[in-house]
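Below is one structure, written out as C-alpha cells; the observations come after it.
What follows is calculated from the coordinates using simple rules that are stated; it is not laboratory data. Values in this document were obtained by computation on a predicted structure and should not be read as measured data. Note: ideal-geometry Cβ built from the backbone for every residue, glycine included; neighbour counts use all protein chains shown.
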Amino acid sequence: MSNFKEMARYSLEISDEEKQRIETCRSDLSWKELSFGAKLRVLVFERVEALSQPNSANESNSK
C-alpha cells in the first residue's frame, strides 16, 4: 500500500510575457531554484491564504 496521494493536474495557457513575470517576480535564490510549476503553486496558495484571512478577521470582528 502506497502513501502517495494522487493530485489532479490542470492545464493553463500562459503567454511568454506572463511566464517571464512569474519567473522574475521575486529575487531570492530559493525562488530561482523552484520549478515553474512549483512557483505557480506557491503563488496560488499564497493568494488563497490572503483571500481567506480577511474573511476570518471580519467574522471575529462581528462577534
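Please turn the phi angles of the stretch 41-49 into ³J(HN,Hα) values with the Karplus equation 6.51 cos²θ - 1.76 cosθ + 1.60 (θ = phi - 60°), one per residue in order, whole Hz, x for glycine and proline.
Once θ is set to phi - 60°, the couplings for the stretch 41-49 become 4, 4, 5, 5, 5, 5, 5, 4, 4 Hz.
Once fully extended, how much extra length lies between Ser27 and Tyr10, figured as 0.36 nm per residue of separation less the alpha-carbon to alpha-carbon distance?
3.4 nm
Net charge near Ile14: determine it from the other residues with C-beta under 13 Å of the C-beta of Ile14, scoring Lys and Arg +1 and Asp and Glu -1. Mind showing how you got there, number by number?
Numbers: positive: Lys19, Arg21, Lys39; negative: Glu13, Asp16, Glu17, Glu18, Glu23.
So the environment of Ile14 carries a net charge of -2.
Could you line up Lys5, Lys39, Lys19 from fewest to most neighbouring Cβ atoms inside 10 Å?
Lys5, Lys19, Lys39
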